[in-house]
Amino acid sequence: MGVAADERRELCELFERVGADAPTLCDGWRTRDLAAHLVLREHRPDAAAGILVPALASHTESVQGRYAAQPWAQLVERVRKGPAWFWPTRLPPLNELINSAEFLVHHEDVRRAQEGWEPRPADTKRDEAAWRSIRAIAKLTLRGSADGIVLRTPAHGEVTAKAGPDPVTVLGEPVEILLFVFGRDAVRLEFDGDAAAVERLKSLSRGL
């Protein structure tokens, strides 16, 4: 089992515990909306395009709304079963490449929206997958920064996400940094740099 499969399974178990209307870190979404998003992106290529293409967003919202209206147990089971037969991530290597960050981040979106959350204990496989994703995506998600950004973890070294003046170093565990570069603020990180640059980074619109 890879990280993508592990995170999918644990997220579905969490969905069942917290129910259909629990909060998430995704702005405006309850758990049923997040589950509907996950089903949509693996079953409806016509609607999934609207996740990234604004002109198609209304179609995406319409399809997602219909999924969200399904009975909760049925919707969770669709997330658990994974993609449609024709979807490329049916292949385990592609599933791990494409879905490890997706399900890791969304699992934490639900975990960290609940009262009393704490980071999970370190896990070598999960941390390595998070660091790979950081290296692949951080330059894109942090592209709007006018300042330099360095991302550093104790065990994996560092990566320069953005070259520029007044560099800020973000220090923490891989999962914490991954969540940050995907726009989440419920993280445990340290920031080293000019105070004004640190505040600009924290307020930066981060993500795809």
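Checked against (1) at pLDDT below 95; (2) within 20 Å of ASN99 (Cβ to Cβ); (3) not aromatic (Phe, Trp, Tyr), HIS156 passes all but a single condition, namely (2). Residue check: VAL150 meets all listed conditions (1) touching a helix residue (DSSP H, G or I) at 6+ places or on another chain (Cβ under 8 Å); (2) without any contact (Cβ under 8 Å) to a residue 40 or more places away in the chain but one, namely (1).
Selection within region 16-45: residues that are exposed (fewer than 12 other Cβ atoms within 10 Å of the Cβ) and of a type in the set (Asp, Glu). The member of this set that is modelled with the lowest pLDDT is ASP27. Here GLN70 meets the list (1) assigned to a helix (DSSP H, G or I); (2) under 16 Å from ALA35 (Cα atoms) almost entirely, failing just condition (1).
The criterion of being outside any loop (DSSP other than H, G, I, E, B), aliphatic (A, V, I, L, M) and touching a helix residue (DSSP H, G or I) at 6+ places or on another chain (Cβ under 7 Å) holds for LEU104.
Mind checking which residues of region 157-181 are part of a loop (DSSP other than H, G, I, E, B) and touching a helix residue (DSSP H, G or I) at 6+ places or on another chain (Cβ under 9 Å)? Matches in region 157-181: PRO165, ASP166, PRO167, GLY172, GLU173.
Looking at ARG184, ARG120, just one residue is of a type outside the set (Asp, Glu), touching a helix residue (DSSP H, G or I) at 6+ places or on another chain (Cβ under 9 Å) and surrounded by 16 or more Cβ atoms within 10 Å (Cβ to Cβ), and that residue is ARG184. Hey, does region 38-46 have a residue that's assigned by TED's automatic domain parsing to the domain that holds LEU97, touching a residue at least 12 places away in the same chain (Cβ under 8 Å), aliphatic (A, V, I, L, M) and not in a helix (DSSP H, G or I)? Within region 38-46 (the criterion being assigned by TED's automatic domain parsing to the domain that holds LEU97, touching a residue at least 12 places away in the same chain (Cβ under 8 Å), aliphatic (A, V, I, L, M) and not in a helix (DSSP H, G or I)), the answer is no, since none of the residues qualifies. One residue stands out among those in region 62-77 that are at pLDDT below 95, surrounded by 15 or more Cβ atoms within 10 Å (Cβ to Cβ) and not hydrophobic (A, V, I, L, M, F, W, C): the one that is farthest from ALA20 (Cα to Cα), which is GLN64.
Annotation: of all residues in region 9-24 being in a helix (DSSP H, G or I) and of a type outside the set (D, E, K, R), the one that is farthest from GLU115 (Cα to Cα) is CYS12. Annotation note: of ARG143, ARG111, the sole residue that is out of contact with any Ser or Thr (no Cβ under 6 Å at 6 or more places or on another chain) and either β-branched (Val, Ile, Thr) or surrounded by 15 or more Cβ atoms within 10 Å (Cβ to Cβ) (or both) is ARG111.
The values are calculated or read from the model by the stated rules, or taken from the named source; none is laboratory data. All values reported here derive from a predicted model rather than from experimental measurement. Methodologically, a virtual Cβ is constructed for each residue, glycine included, from the backbone with ideal geometry; neighbour enumeration extends over all protein chains shown.
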